[in-house]
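First comes the structure, then the notes that go with it.
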Amino acid sequence: MMSSPYPVVRMKPKSEARAIRHGFPWVYANEVVTDRRTKNIQPGAIAVLEDENRNPMGVVAVNPNSKIFCRMLDQNPEAVVNQAWMEACLSRALCHRERLYDAPYYRLIHAESDGLPGVVIDRFGDAAVVQPNAAWADVMFEELAAALASVTGVTTIVKNGTGRARTLEGLAEETTCHSGKLDGPVPVEMNGAIYMADLLGGQKTGLFLDQRQNHAFAQRLTNGAKVLDVFSHVGGFSLAALAGGAAGAVAVDGSAAALELALQGAEAMGVQDRFSTIKGDAFDVLTRLETEKAQFDVVICDPPAFAPNKKALEAGLRAYERIAKLAAPLVAPGGYLALCSCSHAVDLARFRNASARGIGRGGRRCQLIHTGSAGPDHPLLPQLAESGYLKALFFRLDG
């Protein structure tokens, strides 16, 4: 083997080296020999990973401050991680997305699954939002941004350095326009709807691109329907429903700014006369609507992650059950209820059971007609069960 410019990190005896060879992307802190030399490696540094017998296994990103001590970057131990290496990763990812979509609005990089661990990049035409959620990507952000501009031609790059993942990596929170400029929200067309994405001040990267397929399925249920979209953000399901011919849609959210963007989207579509909003706590709004005996042909609830980690699992499941219980009575006989979860800690079976319990407690019987997930621009790494975080359940409720 040629000499590498990187330091060496070695796995302990009886650690799971075989899993790494078979594609598992992480080495945990308790699997690594942590002598004085390795402890002095700076967060975000690149190193060569060796097994207990000193056989090189690949090039990794190291963060001694994280439970994930190493993230696999390249199984070639002679790889050099630089701008050219990043351009190759981005080119592979771009080729896949350009086969899927006619317009440049998609998730371009979905972390480990696209070979850039801890990195999320959403593309919005000539702009892109980058979330460097691992220390190595934060350290090498300039090279990453240059590679992104070179491969895609985007002229505006936003660095969104917020969220729980960065906290776990010991990284500071910051959001900046790294290059180019933004004059306001970016209009994004999906499934015939127009969404206004706030790339600097909105939630996550400004738009939940992972719901694209579920919006499309919901459209098939909403032609001529009266629709309630709870936790609507910028009008995700409600604007899609109106684009699909819904008779009317009501968007509910706790954020006035998000609802204003939803209204702007409705105006851009020319459907503002069929669209209205309610600002308030979703649980309170659902309770009030039930008291008023309100009825909708389709009700969709897409809440934030109620169980962002395992410690919050049981409380999160109770919250999902409560949402289902409150929403079920609002669905007209023979109508549809869609319930979504973006909680990593909640698997599909538990979410399905909690949702069914809630519907039952709401006095309704149901059929599960469709189970949705994120689209193909959010690929999964089979070795990471939690990478399949998004779950969407569509029920038809009894008469």
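The values are calculated or read from the model by the stated rules, or taken from the named source; none is laboratory data. Just so you know, these numbers come straight off a predicted model, no measurement behind them. Methodologically, a virtual Cβ is constructed for each residue, glycine included, from the backbone with ideal geometry; neighbour enumeration extends over all protein chains shown. Heads up: the accessible areas ignore ligands, DNA and RNA and are worked out on the full protein's heavy atoms, side chains in. Shrake-Rupley method; radii C 1.70, N 1.55, O 1.52, S 1.80 Å.
Going by the structure shown, is residue 84 more than 21 Å from residue 171 (Cβ to Cβ), open to solvent by 20 Å² or more (accessible area, probe 1.4 Å) and modelled with pLDDT of 95 or more? Explain how you work it out, then say what you get.
Numbers: more than 21 Å from residue 171 (Cβ to Cβ): yes; open to solvent by 20 Å² or more (accessible area, probe 1.4 Å): yes; modelled with pLDDT of 95 or more: yes.
Against the criterion (more than 21 Å from residue 171 (Cβ to Cβ), open to solvent by 20 Å² or more (accessible area, probe 1.4 Å) and modelled with pLDDT of 95 or more), residue 84 qualifies.
Name the strands (runs of 3 or more DSSP E) wholly within segment 148-222 that hold at least 1 residues that are open to solvent by 60 Å² or more (accessible area, probe 1.4 Å)?
Result: 174-179, 186-190.
Of all residues in segment 313-357 being acidic (Asp, Glu) and part of a helix (DSSP H, G or I), which is least open to solvent (accessible area, probe 1.4 Å)? Can you show your working first?
Filtering segment 313-357 down to residues acidic (Asp, Glu) leaves 314, 321, 347.
Next, from what is left, pick out any that are part of a helix (DSSP H, G or I): 314, 321.
Numbers: 314: 107, 321: 26 Å².
So, considering only residues that are acidic (Asp, Glu) and part of a helix (DSSP H, G or I), the one least open to solvent (accessible area, probe 1.4 Å) is 321.
The rows are residues; the columns are (1) touching a Phe, Trp or Tyr at 6+ places or on another chain (Cβ under 7 Å); (2) acidic (Asp, Glu); (3) closer than 17 Å to residue 104 by Cβ.
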position: 130; (1), (2), (3): no, no, yes
position: 157; (1), (2), (3): no, no, yes
position: 165; (1), (2), (3): no, no, no
position: 183; (1), (2), (3): no, yes, no
position: 198; (1), (2), (3): no, yes, no
position: 222; (1), (2), (3): no, no, no
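Among the residues of segment 228-257, how many are open to solvent by 10 Å² or more (accessible area, probe 1.4 Å) and either assigned to a strand (DSSP E or B) or among the aliphatic types (A, V, I, L, M) (or both)? Reasoning before the result, please.
Taking segment 228-257 as the starting set, the residues that turn out to be open to solvent by 10 Å² or more (accessible area, probe 1.4 Å) are 231, 233, 236, 243-245, 247-248, 250, 253-257.
From the residues that got through so far, the ones that are either assigned to a strand (DSSP E or B) or among the aliphatic types (A, V, I, L, M) (or both) too are 243, 247-248, 250, 253, 256-257.
Of the residues in that region, 7 qualify.
Quick check on segment 358-389: of everything there that is of a type outside the set (Ser, Thr, Tyr) and under 20 Å from residue 318 (Cβ atoms), which residue is most open to solvent (accessible area, probe 1.4 Å)?
The residue in question is 361.
From the list 44, 23, which one is under 23 Å from residue 167 (Cβ atoms) and either open to solvent by 30 Å² or more (accessible area, probe 1.4 Å) or not basic (Lys, Arg) (or both)?
Values: 23 fails: under 23 Å from residue 167 (Cβ atoms).
None of the other options fit; the residue is 44.
Go through (1) assigned to a helix (DSSP H, G or I); (2) buried (at least 19 other Cβ atoms within 10 Å of the Cβ); (3) in contact with a helix residue (DSSP H, G or I) (Cβ under 9 Å, 6 or more places away or on another chain) for residue 145 and report which single condition fails.
Result: residue 145 passes all but (3).
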